[in-house]
Amino acid sequence: MVNDAVLTRVENTLAVIPEGVVVSYGQLADLSGLPGRARLMGRALRALDGEHNWHRVVRADGKIAFPDGSWHAHEQRQRLIEEGVTIKNNRINLKKYGWKPDLHTILSSLQY
DNA sequence: CACGTGACATACC
DNA sequence: GGGTATGCCACGT
């Protein structure tokens with residue numbers, strides 16, 4: 001289980017991640033005011049299950065966290081491709097689609 | 001209480 | 001690139 005406070009933060013953060021942009025679990029934790037707690041993000045996303053931009057969260061190496069062939073992996077891949085994110089060799093180029101410093105301005109509404 | 005296990009990350013080698 | 005080690009924390013056993 002995950003604290004409501006954490007869930008709220010994660011929800012708010014996910015809500016401001018633009019289309020075509022992906023963040024890592026560690027970044028999501030960081031942006032949510034929970035540095036060093038990447039593992040908790042997986043739990044949080046599991047708890048939120050589906051109703052948010054969970055598909056824009058990938059591992060720090062650019063790979064999708066789910067096992068290849070799993071339903072979730074396929075679904076996430078599809079949604080990202082629909083947003084214009086290209087995936088080659090089962091991996092995403094974070095230099096291209098990752099979080100960029102200039103995007104921090106849109107976090108000003110989150111106030112942590 | 002002590003481990004093992006995760007939608008993980010970083011620092012090494 | 002891969003492999004190991006450590007940090008992280010909630011949960012199950």
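General remarks:
- The mean sequence distance of close C-alpha pairs (under 8 Å, at least 6 residues apart), as a share of the length of chain A, puts its relative contact order at 29 percent.
- Highest-first arrangement of A:87-95, A:58-66, A:37-45, where packing means the average Cβ count within 10 Å: A:37-45, A:58-66, A:87-95
- Region A:94-109 versus region A:45-76: alpha-carbon centroid distance in Å: 20
- Amide proton proximity set for A:V58, modelled H, under 5 Å, gap of 5+: A:V23, A:S24, A:Y25
- Residue-count net charge about A:G69 - beta-carbon cut-off 13 Å; Lys, Arg +1, Asp, Glu -1: -1
- Computed over chain A, the ratio Rg/Rh where both radii use C-alpha atoms and Rh is Kirkwood: 0.94
- Note on chain A: helix-only mean residue ellipticity at 222 nm, from DSSP H runs of 4+ residues weighted -39500 (n - 2.57) and normalised by residue number, equals -11500 deg cm²/dmol.
- Rounded tilt (10° steps) of A:38-48 against the dominant C-alpha axis of chain A: 90
None of the figures in this text is laboratory data; all of them are computed from the coordinates on show. Nothing here was measured: the structure is a model prediction, and the numbers come from that model. For neighbour counting, all protein chains shown are included, and Cβ atoms are generated from backbone atoms with ideal geometry for every residue, glycine included.
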